[in-house]
Each structure stands twice: as structure tokens, then as C-alpha cells.
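Chemist: I'd like to ask you about the structure that follows.
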Amino acid sequence: MVVPDARESVLIVGSVALDTVETPAGRVERALGGAAVYSSVAASFFAPARGVGVVGAAFPRQHLEFLAGRGVDIRGIKIVDGKTFHWAGSYEGDMNQANTLATELNVFQSFAPDLPEDYKDSKYVFLANIDPALQLDVLDHVRNPKLTACDTMNFWISSKPDELKKVLARVDIAFVNDAEARQLTGEVNITKAATEIRKLGPRYVIIKKGEHGSLMYCDSDYCFSAASYPLTEVVDPTGAGDSFAGGCMGYMASVDDFTEANLRRAIVYGSTLASFNVQGFSLSKFREITRADVENRYREFQKIAFFDGA
Ligand code: AMP
């Protein structure tokens, strides 16, 4: 499924995982997951994605076929001897915070990305959650990107803060959630934390606040606030942040015209994708929906956010 009207594709590096997840709605074992997977499938609703990552020899081939069928170029996803990255987590109560039970990096521990030559000319680059050293490596190999963005998580903020700061110094957009923004800067106030992160490099900082929506900070004297879609049932929040960022970057690549107005639209598209993703375990909801469903929900976002400022 290649989106015909997309102007550019998005290069995405990040984890390709098997996830064991438990939420109040149920449990899945070693289901398809990983930041690069959620974000590239979300991006693929708007533009072709180019995946960079690694999986172990026993990684189910149907997962790779699913990605390829979504228009994700999988030539950058290596299959090597060893075990696939495995993450186990659980959620309770409002499900806004994942409890990590296990992070087994496995094949990611010795992975060195080897980008197919044509990937190096990618104009849109999303460094999804993975070791910041790998994010840097990919950035080093892309020749002349137009828009670069990164995501991360508490695991890397505490284990590789220096590498992460090097990544932040080189990207245009940083996606972080509220807890990560506080952890990264030591600032409790989110607006102050965003200002501190912007001082590290990114022109735009997008703070994800789970069910409370997101905030974009930039150098004009305002920021943008997007709602999250008010769902009556959340099944599994895993990958919401990745879907948000992937949807956002996919939309930006599809229009290939960087304006703040487009970035605002991209954020609402990202929120749309995230809202679908949390309605099922793993990528089950993304397997069901179409671009038309995305457009319908995007319009609902417009309705719920309408405000007459007169
Ligand atoms: P999110 O819920 O959007 O923050 O992302 C969840 C995804 O991140 C899961 O599918 C995990 O496989 C993946 N993940 C969890 N921990 C890590 C980590 N330390 N590095 C990279 N990816 C991770």
C-alpha cells in the first residue's frame, strides 16, 4: 500500500520488537511492536517509510511482510543471528505510565546500521526510540535532510544522557513525553522543561501528555496545544507516542512544505493515529483502519477543538 500522492518518504530508525504487554484489558505475549514499527506504520498512512533496524533470526516473517505491505521499505531492517529485542511492560489505572518489566536489547546490542544507498538521500528523518548512539550513526549517514526529529525514553535518558544530548543538538524536532521532559531537565514545570530542551538544540519541542494531549513549543511567542481524542475505552497505550510522531512526520513528508500551519496539522494527524493505536493491542487497530477513517477522525478533532475567539 504505497500512498500515491506523497511527495517524500520518511527514514525511520528505532526498535523493532516483540512486546509482552499487560493492561487492564488483557495481555499479549511477544506481539509485534517496537518504536520503528509503530512509527513507520503510522507514517505509512501518509507517505512511504524506510525502516532501519534489526531483528533476530526467528523473527516471524509475516511481521516483515506486513510492514512491506504497508509501503514500508524493509531493506534497512537486518535479520541476524540472535534474539529479537524484547520489551515487557504493564499498565494500571489511567494507563498513562508504562511499568517496564524487562528490556532485553539482544540483537540491538551489537547492531551497526548499514543504510541502503538511496536511504541516504532521505529528506525526512525520524530517529525513533532506540540507543542514541544508533540514532547518531543514522544521522551521520543522511546527506542533506530537510526535517529531522527524534524521540527517546526514560531508559536512554538515564543510561546514555551524553549521547542523547548530541542527538538533540542535531535535530529540528524533539518528541518527548511530560515525564521524560522532567527527567531530562530536572524541571517540574513543563513549559520551563520545554525551554530547557530547546536550549539543547531542537527548534521545536513537542511534549506528549498521553490522554491529556500534546503541546508544541517553538521560537515564536506562542505554542500549540492539541487535544487527544476522547475515547471511552483504551485497550493498550503501547506505541501511542511512536504512532503520534510517525503520523506527524509522515504527514510532513507527504506535503513536503515546512510551515508552522502544516506542523500543527501534522500534530493533529499524529494525535489521530495515536488515538486509533490505543484501541487495540499491538498494531491490531492499524490493520483495520483506512486513510478514510483517519480523515474522518481528523475532522472530529477539528470539531472538538473549535473555538470562536471573537
Ligand atoms: P511508546 O509506548 O510509544 O513509548 O513505545 C513503546 C514501544 O517502545 C514498544 O513497542 C517497545 O518495544 C519499545 N521500547 C520499549 N523500551 C525501549 C527501549 N529502551 N528502546 C527502544 N524501544 C523501546
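The values are calculated or read from the model by the stated rules, or taken from the named source; none is laboratory data. Remember, predicted model here, so these are calculated numbers, not experimental data. For neighbour counting, all protein chains shown are included, and Cβ atoms are generated from backbone atoms with ideal geometry for every residue, glycine included. Surface accessibility is based on the protein's heavy atoms, side chains included, excluding ligands, DNA and RNA. Shrake-Rupley method; radii C 1.70, N 1.55, O 1.52, S 1.80 Å.
Chemist: Would you kindly derive the ³J(HN,Hα) couplings of the range 61-76 from the backbone phi angles with the Karplus curve 6.51 cos²θ - 1.76 cosθ + 1.60 (θ = phi - 60°), listing them in order in whole Hz, with x for Gly and Pro?
Modeler: Running phi through 6.51 cos²θ - 1.76 cosθ + 1.60 with θ = phi - 60° gives 5, 5, 5, 5, 5, 4, 4, 4, x, 8, x, 8, 6, 9, 5, x Hz.
Chemist: I would also like to ask the following. State the answer as a single residue: which of 306, 281, 149 lies farthest towards the positive end of the charge dipole of the chain, with beta carbon charges of +1 for Lys and Arg and -1 for Asp and Glu, about the Cα centre.
Modeler: Positive-end residue among those listed: 149.
Chemist: Can you give the extra length, in nm with one decimal, that the chain gains between residue 223 and residue 61 once fully stretched, where that is 0.36 nm per residue apart less the Cα-Cα distance?
Modeler: Extra length available between residue 223 and residue 61 comes to 54.0 nm.
Chemist: As an exercise, identify the chymotrypsin sites (Phe, Trp or Tyr not before Pro) in the range 240-289 lying in DSSP coil whose Cβ has no more than 16 other Cβ atoms within 10 Å.
Modeler: Within the range 240-289, the qualifying chymotrypsin sites (Phe, Trp or Tyr not before Pro) (loop, at most 16 other Cβ atoms within 10 Å) are 258.
Chemist: Calculate what fraction, in whole %, of the accessible area of the chain sits on carbon and sulfur atoms when a 1.4 Å probe is rolled over the protein chains.
Modeler: The value for the chain is 49 percent carbon and sulfur by accessible area.
Chemist: Please work out whether the chain counts as rounded, prolate or oblate from its C-alpha gyration tensor, where a ≥ b ≥ c are the square roots of the eigenvalues and a/c under 1.5 means rounded, while otherwise a/b larger than b/c means prolate and anything else oblate?
Modeler: Here the chain falls in the rounded category.
Chemist: Label the range 183-275 by shape, choosing from rounded, prolate and oblate, from the square roots a ≥ b ≥ c of the eigenvalues of the Cα gyration tensor; if a/c is under 1.5 it is rounded, and otherwise prolate applies when a/b is larger than b/c, oblate when it is not.
Modeler: oblate
Chemist: Given H placed on each backbone N at 1.01 Å, which residues far from residue 55 in sequence or on other chains put an amide H within less than 5 Å of it?
Modeler: Counting only residues 5 or more places away or on other chains, the set is 78, 79, 80.
Chemist: For every other residue with a beta carbon closer than 10 angstrom to the beta carbon of residue 240, add +1 if it is Lys or Arg and -1 if Asp or Glu, then tell me the sum.
Modeler: Within the 10 Å Cβ shell, the charges total -2.
Chemist: Moving on to the next point. Once Lys and Arg get +1 and Asp and Glu get -1 on their Cβ, which of 60, 12, 197 lies farthest toward the positive end of the dipole of the chain?
Modeler: So the residue we want is 12.
Chemist: List, in order, the whole-Hz ³J(HN,Hα) value for each residue of the range 298-309 obtained from phi through the Karplus relation with A = 6.51, B = -1.76, C = 1.60 and θ = phi - 60°; use x for Gly and Pro.
Modeler: Listing the rounded values in order: 4, 5, 5, 4, 4, 5, 6, 9, 4, 8, 8, x Hz.
Chemist: Treating the beta-carbon of each Lys and Arg as +1 and of each Asp and Glu as -1, no other charges, what is the dipole magnitude of the chain about its Cα centre, to the nearest 20 debye?
Modeler: 300
Chemist: I would also like to ask the following. Checking the a/c ratio against 1.5 first, then a/b against b/c, what shape does the Cα gyration tensor give for the range 149-223?
Modeler: The shape class here is oblate.
Chemist: Would you kindly derive the ³J(HN,Hα) couplings of the range 35-42 from the backbone phi angles with the Karplus curve 6.51 cos²θ - 1.76 cosθ + 1.60 (θ = phi - 60°), listing them in order in whole Hz, with x for Gly and Pro?
Modeler: The phi angles translate into 4, 5, 6, 4, 6, 6, 5, 4 Hz.
Chemist: I would also like to ask the following. For the range 1-159, what number of Lys pairs, 8 or more residues apart or on separate chains, have alpha-carbon atoms under 25 Å from each other?
Modeler: Final tally of qualifying lysine pairs is 4.
Chemist: Amide H neighbours of residue 95 under 5 Å, counting only residues 5+ apart in sequence or on other chains, H built in-plane at 1.01 Å?
Modeler: It is none; the list stays empty.
Chemist: If you don't mind, another one. Whole Å is fine, so just give me how far the alpha carbon centre of the range 1-75 lies from that of the range 121-158.
Modeler: Taking the Cα centre of the range 121-158 as reference, the centre of the range 1-75 is 16 Å away.
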